[in-house]
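Asks: Please read through the structure below; I'll follow up with questions.
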Amino acid sequence: VAKSHGGGRAVAHRPDLDTAVLTSPALAARLEQALDAGELEVFYQPVVELASGAVTGTEALVRWRRDGALVPPDEFLPVAHSTGLVVQVDRFVLQRAVGQLTAWDAEGLGTEGHYVGVNFSVRSLERRGLVEEVLAVLGAAGLSPARLLVEVTEEAAASSAAVRATLERLRAHGMRVALDDFGTGYSSLAYLEQIPADVLKVAKPLVDPLDAEPATDHVLRALVALAADCGLEVLAEGVETERQRRRLLGLGVSRAQGYLFSRPLPAEEARGRLTAYPELVAP
Ligand code: C2E
Ligand code: MG
Ligand code: MG
Ligand code: MG
């Protein structure tokens with residue numbers, strides 16, 4: 001069975017074992033217990049402003065500490081989605097992340113307006129009362145809605161007019177919305193104009209080719225121009241190399257996250273990485 005090592009960061013995981021041993025219904029039952037037993041954790045990945053190296057926020061990413069192993073979301077969210085349990089997972093992560101941001105605020109950590117990105121599944125966005133629930137969580141923590149970045153995949157945002165109306169309402173209350181994983185799956189440029197969003201998170205497969213010599217960046221270049229026309233800020237995901245960072249800057253991409261800066265970390269470890277990456281400011 002998979003073992004985590006090195007402060008809970010790297011995980012040698014065995015998808016073959018994990019998925020073969022637990023069938024979907026068993027996995028769903030086990031996850032429901034895990035929620036009650038407090039086996040879910042939230043990791044945080046810094047989001048960095050490319051020009052200054054400043055950390056402008058973090059993304060909250062769920063993890064399941066199961067039998068000593070750290071199970072990544074891709075291994076249990078699909079089942080959680082099909083049973084509807086993902087709504088509870090999303091709610092847990094939202095509460096935890098909002099609490100964490102408040103705690104960091106109290107410690108004077110992070111830059112002004114430091115935000116947290118929380119992933120919302122389509123199941124959550126379809127729920128009646130979601131907007132009120134999110135506002136209640138923020139209100140209880142005394143956190144301004146502007147401090148929350150609601151991350152939704154383009155597929156979810158495109159799924160129905162009701163979901164788009166919910167995103168519109170979240171924005172009307174001051175939250176920001178990010179289109180996650182843009183450039184993968186069923187990306188349709190037509191939606192860029194229809195989805196109420198503030199940030200375009202460009203997916204790793206579009207960032208990867210920036211490492212090639214010469215770089216293949218035609219699609220990314222066009223996307224950055226398109227995003228600017230649509231009033232969207234571009235955030236690059238999965239930045240792993242200095243060469244990618246430099247080229248993203250050259251393309252006019254303002255922010256990024258990726259292993260180059262930091263992997264997603266437990267709150268206690270992320271805490272020390274919330275200010276800046278001065279080593280990256282040098283051209
Ligand atoms: P995402 O929202 O696109 O999150 C980014 C994913 O890319 C994370 O995977 C992160 O660990 C990974 N990543 C970040 N930088 C790099 C890099 O430089 N290289 C590589 N190879 N990967 C990088 P993770 O944490 O496994 O999460 C996977 C997906 O699970 C997320 O993709 C998100 O869609 C979903 N997810 C995570 N937490 C939640 C949650 O609380 N609720 C919901 N509904 N979905 C969640
Ligand atoms: Mg995300
Ligand atoms: Mg993403
Ligand atoms: Mg993803």
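The values are calculated or read from the model by the stated rules, or taken from the named source; none is laboratory data. The shown structure was predicted, so the numbers you read here are calculated from the model rather than taken from an experiment. Reconstructed Cβ throughout: ideal geometry from the backbone, glycine too, with neighbour counts over all protein chains shown. All accessible areas refer to the heavy atoms of the entire protein, side chains included, with ligands and DNA or RNA removed. Shrake-Rupley method; radii C 1.70, N 1.55, O 1.52, S 1.80 Å.
Asks: Probe of 1.4 angstrom, ligands and nucleic acids ignored: what's the accessible area per residue over segment 114-155, in square angstrom?
Replies: Ligands and nucleic acids excluded, the result is 38 Å² per residue.
Asks: Let me ask something else about it. Within segment 70-117, which GluC sites (Glu not before Pro) sit in a loop by DSSP and count at most 14 neighbouring Cβ atoms inside 10 Å?
Replies: Details: sites: E75, E107, E112; in loops: E107, E112.
Sites meeting the loop and neighbour criteria: E107, E112.
Asks: OK, next. Take the alpha-carbon centre of segment 134-208, take the same for segment 241-283, and report the distance between them in whole Å.
Replies: Measuring centre to centre over Cα atoms gives 22 Å.
Asks: What percentage of all Cα-Cα pairs in segment 126-171 are separated by more than 11 Å? Mind showing how you got there, number by number?
Replies: On the way: 718 of 1035 pairs.
Result: 69 percent of Cα pairs exceed 11 Å.
Asks: Beyond 26 Å, what share of the Cα-Cα pairs of segment 28-145 is found? Please give it as a whole percent. Don't skip to the end; give the middle numbers.
Replies: Values: 1693 of 6903 pairs.
Above the 26 Å cut-off, segment 28-145 has 25 percent of its Cα pairs.
Asks: So, in nm, how far is label E279 from label H81 when the simple model puts each one 7 Å beyond its Cα toward the Cβ?
Replies: Result for the modelled spin labels: 3.6 nm.
Asks: Using a 1.4 Å probe over the heavy atoms of the protein chains, calculate the carbon and sulfur portion of the accessible area of the chain as a whole percent.
Replies: Working: 6740 of 12680 Å².
The computed percentage sits at 53.
Asks: Quickly work out the S24-to-S188 label distance, labels modelled 7 Å from Cα along the C-beta direction, and quote it in nm with one decimal.
Replies: About 2.6 nm, to one decimal.
Asks: Okay, next question. Are there any chymotrypsin sites (Phe, Trp or Tyr not before Pro) in segment 134-212 that are in a DSSP loop and have at most 11 other Cβ atoms within 10 Å? List them by number.
Replies: Numbers: sites: F182, Y186, Y191; in loops: Y186.
When the chymotrypsin sites (Phe, Trp or Tyr not before Pro) of segment 134-212 are filtered for loop state and at most 11 Cβ neighbours within 10 Å, Y186 remain.
Asks: For segment 201-283, with equal point scatterers placed on the C-alpha atoms only and solvent neglected, what are the log10 I(q)/I(0) values from the Debye formula at q = 0.12 1/Å, to two decimals?
Replies: The Debye formula, applied to the Cα set alone, gives -0.37.
Asks: Related question: For the chain, what does the convex hull of the Cα positions come to per residue, in cubic angstrom?
Replies: Details: hull volume 38.7 nm³, N = 283.
With only Cα atoms used, the chain gives 137 Å³ per residue.
Asks: Within 10 Å of each candidate Cβ there may be at most 12 other Cβ atoms; applying that plus a DSSP loop requirement, which trypsin sites (Lys or Arg not before Pro) in segment 93-184 survive? Could you put the intermediate results ahead of the total?
Replies: Working: sites: R96, R123, R127, R128, R147, R164, R169, R171, R176; in loops: R127, R128.
Hits after loop and neighbour filter: R128.
Asks: On average, how much accessible surface per residue is there in segment 194-283, in Å², for a 1.4 Å probe, leaving out ligands, DNA and RNA? Intermediate values should be presented prior to the final figure.
Replies: On the way: 4150 Å² over 90 residues.
In whole numbers, segment 194-283 has 46 Å² accessible per residue.
Asks: Something else: If I model a spin label at L226 and E242 as a point 7 Å from the Cα along the Cα→Cβ vector, what separation in nanometres do I get?
Replies: Result: 3.3 nm between the two label points.
Asks: With only Lys, Arg, Asp and Glu charged, each at its Cβ (+1 for the first two, -1 for the last two), find how big the charge dipole of segment 94-161 is about the Cα centre; round to the nearest 20 debye. Each step should come with its number before you reach the end.
Replies: Numbers: 5 positive and 9 negative charges, 42 e Å.
Here the size comes out at about 200 debye.
Asks: Relative to the compact globular guide of 2.2 N^0.38 Å, what is the alpha carbon radius of gyration of segment 102-215, as a ratio?
Replies: Values: Rg = 15.8 Å, N = 114, 2.2 N^0.38 = 13.3 Å.
Dividing the Cα radius of gyration by 2.2 N^0.38 Å gives 1.19.
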